[in-house]
């Protein structure tokens, strides 16, 4: 019984830290992502992320209340450094810019998949942050997209887990081959 509680304390206190970097190979990124896949992290309700690119910075609010598993996965990968120096591999004018593939080709994932999470309030508005997937609705993983305009035909078919709140002009400058320099989680400090 003591061993159980010791394991529980260690497990709940595990902190996700940036262990990947710009020199990490796709295989290293996938190996680390798979290692941390089942580790639960606490995601604050009003979580935001800063996506730093070679064209500028984008700030997004995330929707843990609409897509909890997707937000947890994205936050975890960002904290690990999974996205550092990956590229945007897909650009479709007046539709989306997409990145997050460790291989930069559009077919890679994090070594596992996450389920589709839809919510009637999570819409594909301009600047929606969504998880890309293959034809299987539950094949999302690490690739994400940002919509360049409203795309309501995607609602209910793809997970929307956030939206751009600052830097949409940067999003509209991004093209295939542009770099995701780093994604950082913006956590508010607790008042003491």
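General observations
To keep it simple, each residue is scored yes or no on (1) touching a strand residue (DSSP E or B) at 6+ places or on another chain (Cβ under 8 Å); (2) in contact (Cβ under 8 Å) with a residue 24 or more places away in the chain.
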| site | (1), (2) |
| --- | --- |
| 31 | no, yes |
| 37 | no, yes |
| 42 | no, no |
| 79 | yes, yes |
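- Neighbours by Cβ (under 8 Å, 6+ apart or cross-chain): first from region 161-173, free of Cβ contacts under 8 Å to residues at least 40 places away in the same chain; second surrounded by 15 or more Cβ atoms within 10 Å (Cβ to Cβ): 172/148
- Of all residues in region 57-68, those that are within 13 Å of the chain's Cα centre (by Cα) and under 15 Å from residue 42 (Cα atoms) total 5.
- Inside region 44-57, residues that are assigned to a strand (DSSP E or B) and touching a strand residue (DSSP E or B) at 6+ places or on another chain (Cβ under 9 Å) make up a count of 7.
- Pair list, Cβ < 8 Å and 6+ apart or interchain, from region 127-144 residues that are on the phi < 0 side of the Ramachandran plot and in contact (Cβ under 8 Å) with a residue 24 or more places away in the chain to residues that are surrounded by fewer than 15 Cβ atoms within 10 Å (Cβ to Cβ) and assigned to a loop (DSSP other than H, G, I, E, B): 138/115; 140/115; 141/112; 143/106
- Of the strands (runs of 3 or more DSSP E) that lie entirely inside region 134-192, those containing 1 or more residues that are more than 18 Å from residue 86 (Cβ to Cβ) and over 16 Å from the mean Cα position of the chain (by Cα) span 160-166.
- Selection from region 177-190 of residues that are in contact (Cβ under 8 Å) with a residue 40 or more places away in the chain and over 27 Å from residue 31 (Cβ atoms): 186, 188
- Filter pass, residue 128 being within 17 Å of the chain's Cα centre (by Cα) and surrounded by 14 or more Cβ atoms within 10 Å (Cβ to Cβ): yes
- Among (1) over 25 Å from residue 69 (Cβ atoms); (2) not in a strand (DSSP E or B) - the single one residue 110 does not satisfy: (1)
- Selection within region 42-56 - surrounded by 15 or more Cβ atoms within 10 Å (Cβ to Cβ) and either modelled with pLDDT under 95 or within 16 Å of the chain's Cα centre (by Cα) (or both): 43, 47, 48, 49, 50, 51, 52, 53
- Residues that are touching a strand residue (DSSP E or B) at 6+ places or on another chain (Cβ under 8 Å) and exposed (fewer than 15 other Cβ atoms within 10 Å of the Cβ) within region 131-152 comprise just one, 138.
- Meets criteria (within 14 Å of the chain's Cα centre (by Cα) and in a loop (DSSP other than H, G, I, E, B)) for residue 71: no
The values are calculated or read from the model by the stated rules, or taken from the named source; none is laboratory data. Nothing here was measured: the structure is a model prediction, and the numbers come from that model. As a convention, Cβ positions derive from the backbone with ideal geometry for all residues, glycine included, and neighbour counts pool all protein chains shown.
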